[in-house]
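Student: Please see the structure below; I have some questions.
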Amino acid sequence: MTVRVRFAPSPTGMFHVGGARSALQNWIYAKQQGGVFVLRIEDTDAARNRPEWTEGILSALDWIGIERGSYEGPYFQSAYADEHRSAARRLHDSGRAYYCDCTREAVQARTGNQYTGYDGFCRDRGLPPGEGRALRFRTPDEGSTVVTDLIRGEPTFENKLIEDFVIARGDGSPVFLLANVVDDMTMGITHVIRAEEHLPNTPKQQLLWDALGVKPPIWAHVPVVVNEKRQKLSKRRDKVALEAYRDEGYLAAAMRNYLMLLGWAPSGDREIVPWSVIEDEFRLAEVNPSPAFFDEKKLRAFNGEYIRALPVEEFVEACQPWLTGTDTIAPPPWQPDEFDPAAFAAVAPLAQTRIAVLSEIVPNVDFLFVATPLIDEAAWAKAMKAGSAELLDAAIAAFEAVGSWDAETLKSTLEAVGAERGLKLGKAQAPVRVAVTGRTVGLPLFESLEVLGPERSLTRMRAARVRLV
Ligand code: GLU
């Protein structure tokens with residue numbers, strides 16, 4: 001039997017990091033089993049049927065390493081409406097489903113105003129189909145439904161606790177539970193690896209597989225992803241969009257490594273490992289079923305390590321989207337013709353060790369490319385103390401006189417200027433740094449001055465001096 005897994009996102013306009021994690025787990029499982037990964041876009045909800053949302057899913061998958069052309073699909077759930085309806089009909093014809101015209105209010109009135117599920121009122125009324133009549137599945141009264149779950153063992157659900165659930169709405173349209181099962185059948189899916197949120201649907205879906213006479217798949221419900229308060233990651237509260245991380249400058253390699261650690265770890269005391277190790281070592285059965293904490297701080301630290309490990313040319317290449325702007329990344333504060341690739345290449349190794357996400361490249365290097373530095377007023381207030389004007393005067397005079405404009409000379413020169421005033425180098429640097437870069441933190445100052453060159457450095461120091469009058 002060829003293993004066939006699927007990733008079945010509902011388009012929402014953004015790609016949830018939890019979805020990315022499930023996609024990767026499916027992807028690896030298929031690869032390990034010599035199987036096939038199928039992509040199915042669950043777009044039956046008309047509001048979700050937007051081509052640009054599908055394109056967003058495909059490009060997010062590309063980014064994370066599941067590339068177009070290397071999987072089967074995308075299939076679109078909306079294209080299988082006939083199959084969904086025909087399955088609903090078969091279930092009705094075989095007596096496994098019945099029409100129901102109860103309103104929620106009527107059920108509530110009968111069940112003592114406590115809505116605990118459907119009470120089976122229409123089970124034996126033999127209603128024909130009709131406008132406004134929902135189709136309900138006739139859940140067995142006895143026995144239990146045992147689900148084989150690679151992560152959770154054999155969760156067992158008592159059938160008598162499962163209500164006669166709706167499989168097609170009053171307008172005849174099949175609901176998600178049924179459409180999802182029918183698609184999995186049509187596409188020959190053998191293993192359903194998906195988020196824990198769907199575990200409560202599983203006994204109902206397995207009953208549908210049984211009733212339709214097809215052997216159900218093996219399931220694997222991967223743990224819910226939570227924030228630091230142990231709340232399920234939500235798009236209203238948390239940063240959940242993979243695209244947001246991408247546009248902030250997380251590397252795909254760091255992201256997918258981190259995502260695979262949600263509920264699982266490679267052998268040894270390692271977390272940052274090459275993708276090939278993850279592909280070899282990952283075992284679905286080893287995934288911890290408890291909620292997995294998505295720790296953004298840890299992800300950031302991971303990303304910093306991945307950035308530092310890049311060969312510098314790759315780092316320079318990886319920074320390009322932030323240096324130019326794209327359709328989703330804001331343009332930098334300089335004009336395209338102000339950018340100097342040689343100056344950037346000169347400071348890139350210094351920046352590479354200091355940033356944790358690629359977007360941080362911009363505030364670290366903007367001083368090189370903007371005509372006048374973007375002064376951060378809080379930084380200015382912090383750096384410009386009594387005595388700063390005199391210090392700048394002395395530094396300007398000393399820098400004007402250096403024989404060679406290189407980092408080492410500039411450093412010893414400013415050191416001497418500071419020493420004459422009883423200032424350590426750190427204190428003497430602060431006004432110069434703010435004058436030249438606009439900030440109190442950033443790349444090493446003297447290397448920055450060297451790359452910026454004498455003319456622009458001195459002009460900025462003089463301008464700051466004027467401002468201090
Ligand atoms: N479309 C469903 C979702 O995005 C997936 C259901 C499934 O994986 O079975 O949650």
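The values are calculated or read from the model by the stated rules, or taken from the named source; none is laboratory data. Being a predicted model, the structure only gives us computed values, none of them experimental. Note that we place each Cβ from the backbone using ideal geometry, even for glycine, and neighbour counts take in every protein chain shown.
Student: Being touching a Gly at 6+ places or on another chain (Cβ under 8 Å) and part of a loop (DSSP other than H, G, I, E, B) is the filter here, so list the residues in segment 31-75 that pass it.
Tutor: 50
Student: Which residue is nearest to residue 350 (Cα to Cα), if the candidates are limited to segment 283-312 and must be aromatic (Phe, Trp, Tyr) and crowded, with 19+ Cβ neighbours inside 10 Å? Can you show your working first?
Tutor: Residues of segment 283-312 aromatic (Phe, Trp, Tyr): 293-294, 302, 306.
The next check asks that each one be crowded, with 19+ Cβ neighbours inside 10 Å; those that pass are 294, 302, 306.
On the way: 294: 30, 302: 19, 306: 15 Å.
Here the answer is 306.
Student: Among the strands (runs of 3 or more DSSP E) confined wholly to segment 80-196, which include 1 or more residues that are away from the ligand (no atom under 16 Å from the Cβ), of a type outside the set (Gly, Ala, Ser) and within 41 Å of the chain's Cα centre (by Cα)?
Tutor: Details: elements: 97-100, 134-137, 144-146, 156-158, 166-168, 191-195.
Because the criterion is at least 1 residues that are away from the ligand (no atom under 16 Å from the Cβ), of a type outside the set (Gly, Ala, Ser) and within 41 Å of the chain's Cα centre (by Cα), the strands (runs of 3 or more DSSP E) in segment 80-196 that meet it are 134-137, 144-146, 156-158, 166-168.
Student: Testing residue 278 on (1) in a loop (DSSP other than H, G, I, E, B); (2) surrounded by 14 or more Cβ atoms within 10 Å (Cβ to Cβ); (3) in contact (Cβ under 8 Å) with a residue 40 or more places away in the chain; (4) of a type in the set (Val, Ile, Thr), one condition comes back false. Which one is that?
Tutor: Failed condition: (1).
Student: Looking only at segment 313-352, which residues are surrounded by 12 or more Cβ atoms within 10 Å (Cβ to Cβ) and assigned to a loop (DSSP other than H, G, I, E, B)?
Tutor: 325, 329, 331, 332, 333, 334, 339, 340
Student: Which condition number in (1) within 13 Å of the ligand (Cβ to nearest atom); (2) touching a strand residue (DSSP E or B) at 6+ places or on another chain (Cβ under 7 Å) is the one that residue 223 fails?
Tutor: Among (1) within 13 Å of the ligand (Cβ to nearest atom); (2) touching a strand residue (DSSP E or B) at 6+ places or on another chain (Cβ under 7 Å), the lone unmet condition for residue 223 is (1).
Student: Does residue 53 satisfy the condition of being out of contact with any Phe, Trp or Tyr (no Cβ under 6 Å at 6 or more places or on another chain), within 13 Å of the ligand (Cβ to nearest atom), in contact (Cβ under 8 Å) with a residue 12 or more places away in the chain and of a type in the set (A, V, I, L, M, F, W, C)?
Tutor: Working: out of contact with any Phe, Trp or Tyr (no Cβ under 6 Å at 6 or more places or on another chain): yes; within 13 Å of the ligand (Cβ to nearest atom): yes; in contact (Cβ under 8 Å) with a residue 12 or more places away in the chain: yes; of a type in the set (A, V, I, L, M, F, W, C): yes.
In short, yes.
Student: Taking segment 366-404 as the search range and keeping residues that are among the hydroxyl-bearing types (Ser, Thr, Tyr) and in a loop (DSSP other than H, G, I, E, B), which one is farthest from the chain's Cα centre (by Cα)?
Tutor: Step one: of segment 366-404, the residues among the hydroxyl-bearing types (Ser, Thr, Tyr) are 372, 388, 404.
Narrowing further to those that are in a loop (DSSP other than H, G, I, E, B): 372, 404.
Details: 372: 36, 404: 48 Å.
My answer is 404.
Student: What is the one condition in (1) under 16 Å from the mean Cα position of the chain (by Cα); (2) away from the ligand (no atom under 11 Å from the Cβ); (3) crowded, with 18+ Cβ neighbours inside 10 Å that residue 16 does not satisfy?
Tutor: Failing condition for residue 16: (2).
Student: Please find, within segment 1-13, the residue that is surrounded by the most Cβ atoms within 10 Å (Cβ to Cβ) out of those that are assigned to a strand (DSSP E or B) and touching a His at 6+ places or on another chain (Cβ under 8 Å). Reasoning before the result, please.
Tutor: First, pick out the residues of segment 1-13 that are assigned to a strand (DSSP E or B): 4-7.
Next cut, touching a His at 6+ places or on another chain (Cβ under 8 Å) only: 4-5.
Working: 4: 19, 5: 27.
Among those that are assigned to a strand (DSSP E or B) and touching a His at 6+ places or on another chain (Cβ under 8 Å), it is 5.
Student: Just give me the residues in segment 36-58 being exposed (fewer than 14 other Cβ atoms within 10 Å of the Cβ) and either of a type in the set (Gly, Ala, Ser) or more than 21 Å from the chain's Cα centre (by Cα) (or both), in sequence order.
Tutor: Those that are exposed (fewer than 14 other Cβ atoms within 10 Å of the Cβ) and either of a type in the set (Gly, Ala, Ser) or more than 21 Å from the chain's Cα centre (by Cα) (or both): 45, 46, 47.
Student: Is it true that some residue in segment 235-246 is within 16 Å of the ligand (Cβ to nearest atom), modelled with pLDDT under 95 and either over 22 Å from residue 282 (Cα atoms) or crowded, with 20+ Cβ neighbours inside 10 Å (or both)? Lay out the reasoning, then the answer.
Tutor: Step one: filter segment 235-246 for residues within 16 Å of the ligand (Cβ to nearest atom), giving 235, 240-242.
Keeping just the survivors that are modelled with pLDDT under 95 gives 235.
Remaining after also requiring either over 22 Å from residue 282 (Cα atoms) or crowded, with 20+ Cβ neighbours inside 10 Å (or both): 235.
Yes, some residue in segment 235-246 is within 16 Å of the ligand (Cβ to nearest atom), modelled with pLDDT under 95 and either over 22 Å from residue 282 (Cα atoms) or crowded, with 20+ Cβ neighbours inside 10 Å (or both).
Student: I've got another one for you. Could you look through segment 28-44, keep only residues that are of a type outside the set (Asp, Glu) and within 15 Å of the ligand (Cβ to nearest atom), and pick out the one that is farthest from residue 287 (Cα to Cα)? Write out each step before concluding.
Tutor: Within segment 28-44, the first condition is being of a type outside the set (Asp, Glu), and the residues that meet it are 28-41, 44.
From what's left, within 15 Å of the ligand (Cβ to nearest atom): 29-30, 37-41, 44.
Values: 29: 12, 30: 16, 37: 20, 38: 22, 39: 22, 40: 24, 41: 26, 44: 31 Å.
Per the stated criteria, the residue is 44.
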